[in-house]
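Asks: Below you will find the structure I want to go over with you.
The values are calculated or read from the model by the stated rules, or taken from the named source; none is laboratory data. From a predicted model like this one, the values you see are computed outputs, not experimental measurements. No Cβ is skipped: glycine too gets one built from the backbone with ideal geometry, and neighbour counts run over all protein chains shown. Side chains are part of the model used for accessible areas, which takes the heavy atoms of the whole protein and leaves out ligands, DNA and RNA. Shrake-Rupley method; radii C 1.70, N 1.55, O 1.52, S 1.80 Å.
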Amino acid sequence: MTPILHALSGHLDTLPTQERKLGEYILESPAAVLHLGITELANTCGVSPSTVTRFCKTFHFKGFPDFKMKLAGELAHKPADTQYQDIIAGNDLQKIVEAMEANHLASITDTTRLLDMNQLAQAVKALCGAKRIDLYGVATSSVVAQDFYQKLIRIGKNCTAFADSHMQITSASSLGAGDVALAISYSGETPETIDALRCAKDSGAVTLSLTQYGQNRLATLADIALFSSSLEEGMRRGDMASRIAQLHVIDILFTGMVSLEFEDYIPKLESSYQNVQIYRKTQGGQNLC
């Protein structure tokens, strides 16, 4: 099942009755949808064209043409086996290595197909122009936030990553116009992260979210919503593939920023690297950084 169809399947029961009828048809006949116009699809499902439009907006598409284009892309590139491999008792180490490789490659590929270039460009531009950047994430998402924090300070950005919910709110309340807050939550439903981003938004900051693809409160709240693969499930996987997917998006954001402001950021990257090397040498060659 492709990321779009997987997200639709997972949220089907939460949809209003008319949108659910539409979702059920798409899940049953995804290829057929590609050959229908919005009115034809609406008539086939017994709903109105406006229901189709609302359905597309619910899943963060610009409209029906955007939905069809991205669904067509996923169906055209659908791999033979999209199932993530779970942890099995007593598994051979070689099979574990192969399973982890397959999971991580699948998460990166799925996430790349979900990226909206317009949203991504807006996010890069906002981050480059930000006077101050707040990064919010708890548990596994805090590791991703810390990774982005370490990248951003190397190019001289004024930023902080917060894992503590009280500090998230405290910092968010002091943001203002020209600042950016990025909230990371795979589920998109982490209460502390939602509260922090809402506070940042109320304070006047531009708000970004990074969540699993699909309908969730954090993505709906954010000014700019970015998504990672939503195919990983199961308590035994420990958010491994999802973490890789989130880090993939972070790397894209950072590389996009440096590319956009190359003349400004490259000298800072080189300076930070050279200073670290000098510091290491002054400490008798010990790797302290």
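Asks: Which condition number in (1) in a loop (DSSP other than H, G, I, E, B); (2) open to solvent by 70 Å² or more (accessible area, probe 1.4 Å) is the one that residue 198 fails?
Replies: Only one criterion is unmet by residue 198, namely (1).
Asks: Only one of 184, 108, 133 is open to solvent by 30 Å² or more (accessible area, probe 1.4 Å) and either in contact with a strand residue (DSSP E or B) (Cβ under 6 Å, 6 or more places away or on another chain) or at pLDDT below 95 (or both). Can you tell me which? Give the steps one after another, and end with the answer.
Replies: Numbers: 184 fails: open to solvent by 30 Å² or more (accessible area, probe 1.4 Å); 133 fails: open to solvent by 30 Å² or more (accessible area, probe 1.4 Å).
Going through 184, 108, 133 in turn, just one is open to solvent by 30 Å² or more (accessible area, probe 1.4 Å) and either in contact with a strand residue (DSSP E or B) (Cβ under 6 Å, 6 or more places away or on another chain) or at pLDDT below 95 (or both): 108.
Asks: So, in the range 201-245, of the ones that are among the small types (Gly, Ala, Ser), in a loop (DSSP other than H, G, I, E, B) and open to solvent by less than 30 Å² (accessible area, probe 1.4 Å), which residue ends up modelled with the lowest pLDDT? Please lay out each step first, then the result.
Replies: Keep residues of the range 201-245 that are among the small types (Gly, Ala, Ser), which gives 203-205, 209, 214, 219, 222, 225, 228-230, 234, 238, 241-242, 245.
Applying the additional criterion that residues be in a loop (DSSP other than H, G, I, E, B) yields 203-205, 214, 222, 229-230, 234, 238.
With open to solvent by less than 30 Å² (accessible area, probe 1.4 Å) added as a condition, the list becomes 205, 214, 222, 229-230.
Details: 205: 98, 214: 83, 222: 97, 229: 81, 230: 63.
My answer is 230.
Asks: Restricting attention to the range 141-161, and to residues there that are in contact (Cβ under 8 Å) with a residue 40 or more places away in the chain and outside any helix (DSSP H, G or I), which single residue is most open to solvent (accessible area, probe 1.4 Å)?
Replies: 156
Asks: Separate question: Residue 138: in a loop (DSSP other than H, G, I, E, B), open to solvent by 10 Å² or more (accessible area, probe 1.4 Å) and among the β-branched types (Val, Ile, Thr), yes or no?
Replies: Numbers: in a loop (DSSP other than H, G, I, E, B): yes; open to solvent by 10 Å² or more (accessible area, probe 1.4 Å): yes; among the β-branched types (Val, Ile, Thr): yes.
Yes: the conditions hold for residue 138.
Asks: Still on this structure: Could you figure out which of (1) crowded, with 20+ Cβ neighbours inside 10 Å; (2) without any contact (Cβ under 8 Å) to a residue 24 or more places away in the chain isn't true of residue 255?
Replies: Here residue 255 clears every test but (1).
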